[in-house]
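The values are calculated or read from the model by the stated rules, or taken from the named source; none is laboratory data. All values derive from a computational prediction rather than experimental measurement. Reconstructed Cβ throughout: ideal geometry from the backbone, glycine too, with neighbour counts over all protein chains shown. With ligands, DNA and RNA removed, areas are computed over all heavy atoms of the protein, side chains included. Shrake-Rupley method; radii C 1.70, N 1.55, O 1.52, S 1.80 Å.
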Amino acid sequence: MASEKVETVIAGNYVEMEREEADSSSSTKSKLSALFWHGGSVYDAWFSCASNQVAQVLLTLPYSFSQLGMLSGILFQLFYGLMGSWTAYLISVLYVEYRTRKEREKVDFRNHVIQWFEVLDGLLGKHWRNVGLFFNCTFLLFGSVIQLIACASNIYYINDNLDKRTWTYIFGACCATTVFIPSFHNYRIWSFLGLVMTTYTAWYMTVASLIHGQVEGVKHSGPSKMVLYFTGATNILYTFGGHAVTVEIMHAMWKPQKFKLIYLMATLYVLTLTLPSASAVYWAFGDDLLTHSNALALLPRNGFRDTAVILMLIHQFITFGFACTPLYFVWEKFLRVHETKSLIKRALTRLPVVIPIWFLAIIFPFFGPINSTVGSLLVSFTVYIIPALAHMVTFASPSARENAVERAPSLLGGWAGLYSVNIFVVGWVLIVGFGFGGWASMLNFVHQVNTFGLFTKCYQCPSPKH
């Protein structure tokens, strides 16, 4: 009985929103708009999570396998996939707890998108909010930078008449158009298409590598150096740490309490893409990948590869929007225009957010190594350590556990088991992800800077033929 009451409280506004949607959807135009534009179902959330989780990182995982070796690469993917799903579950529990408390106080979120830092603020206070805001925004900022770098890196393999830096200028302008997409409700068709695109690319990489066969004298020497080993592991930590937008995706659902297992289901699907593609490319090219962080650079140029490049470019545009939209919301709230209904006003307000992303992509065009650096220094805290700590502190008191909207899973042994898993996550990510991973990825990043320099015109491009 209590759970039914809670569900009514949580879903209240969304039931009203669905009713309003139904009333206004009599015309064909409205029906088409609802089909392609207004998403809030469980399936929309699954597509958003799966599409957002693996984008350009799909192309760098073979590079990570060359650093880790085949066995470690597979094990780290499975391990971090599960760990990422666990912390996404914790974030969803904290969101539902926060929203339920606020809606009992008659707070209306009709024109307001709840974000992670607001959940921390409501449950734990302003200090937690500030820490969460810093890590979340910095991670999403660099997440957007990485998508922009990936666009330039990929298009170069189709058209090398322009250098990668020039392509970054062009795609920065293209990605700026995401300011016109209001919220995650409006990514329905894009999420679906994005997943189709990554699915094609992953299986193209797998099949093309198997057909190509092993290069002459192929070597699989990984793991050979500790620095490379932890750099590769941290890239995989980054791969399955794409749930910095979990709260925004949940808020776009009609019934957010149904999110609990969606991220796990999305991760299981993503593993069917990442494991075969990374394994096959590493099997075929071995140590050649150590100097080619983008796997497409080694695959033979043909129509299938060009199709994969074009699809990944479109998908990176979508993922740029996914990473940048929460930043747009934060900026709107700072300027107090978040609840305005004028799309043009909000779009113009958002434009300045794109400028630092553009600039950083030109300074640090190190496709591959930048993923590991962001993974160790930002992802480790944003989506692993902070959610686990926040969950433990929120439910530290007996009364908080007693009145929790979401009970501890009995499968883990109740609250004691849940706290044990959280302590393990915090300890592991702090020591292995942030500690060893931060040390290794920073050394590798500095090596890239010393080798290629900041503002490098064409990172890892082949030398011109005379």
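A few notes on this one:
- Residues of the range 173-219 satisfying the condition of being of a type in the set (Gly, Ala, Ser) and crowded, with 22+ Cβ neighbours inside 10 Å: Ser191, Gly194, Ala202, Ala208, Ser209
- Among the residues of the range 107-149, those that are open to solvent by 10 Å² or more (accessible area, probe 1.4 Å), in contact with a Lys or Arg (Cβ under 8 Å, 6 or more places away or on another chain) and not in a helix (DSSP H, G or I) comprise Phe109, Asn111.
- One residue stands out among those in the range 25-80 that are of a type in the set (Val, Ile, Thr) and either at pLDDT below 85 or not in a helix (DSSP H, G or I) (or both): the one that is surrounded by the most Cβ atoms within 10 Å (Cβ to Cβ), which is Val54.
- Flag if Tyr14 is assigned to a helix (DSSP H, G or I), modelled with pLDDT of 80 or more and hydroxyl-bearing (Ser, Thr, Tyr): no
- Some residue of the range 394-415 being over 25 Å from Gly242 (Cβ atoms), of a type in the set (Phe, Trp, Tyr), part of a helix (DSSP H, G or I) and open to solvent by 10 Å² or more (accessible area, probe 1.4 Å): yes
- Of Val281, Val270, all but one fail to be part of a helix (DSSP H, G or I), in contact (Cβ under 8 Å) with a residue 12 or more places away in the chain, open to solvent by less than 10 Å² (accessible area, probe 1.4 Å) and in contact with a Pro (Cβ under 8 Å, 6 or more places away or on another chain); the exception is Val281.
- Consider the range 313-363 and keep the residues that are outside any helix (DSSP H, G or I) and at pLDDT below 85. The one that is most open to solvent (accessible area, probe 1.4 Å) is Lys341.
- Of all residues in the range 289-311, those being under 18 Å from Trp167 (Cβ atoms) and among the aromatic types (Phe, Trp, Tyr) number 0.
- Any hit, the range 91-111, residues being closer than 20 Å to Ala388 by Cα, of a type outside the set (Phe, Trp, Tyr) and touching a Cys at 6+ places or on another chain (Cβ under 9 Å): no
- Within the range 290-312, the set of residues being open to solvent by less than 10 Å² (accessible area, probe 1.4 Å), within 25 Å of Trp190 (Cβ to Cβ) and more than 16 Å from the chain's Cα centre (by Cα) comprises Asn294, Ala295, Leu296, Ala308, Val309.
- Residue that is most open to solvent (accessible area, probe 1.4 Å) [pool: residues in the range 93-105 that are closer than 28 Å to Leu343 by Cβ and basic (Lys, Arg)]: Lys102
- Some residue of the range 87-102 being outside any helix (DSSP H, G or I) and among the charged types (D, E, K, R): no
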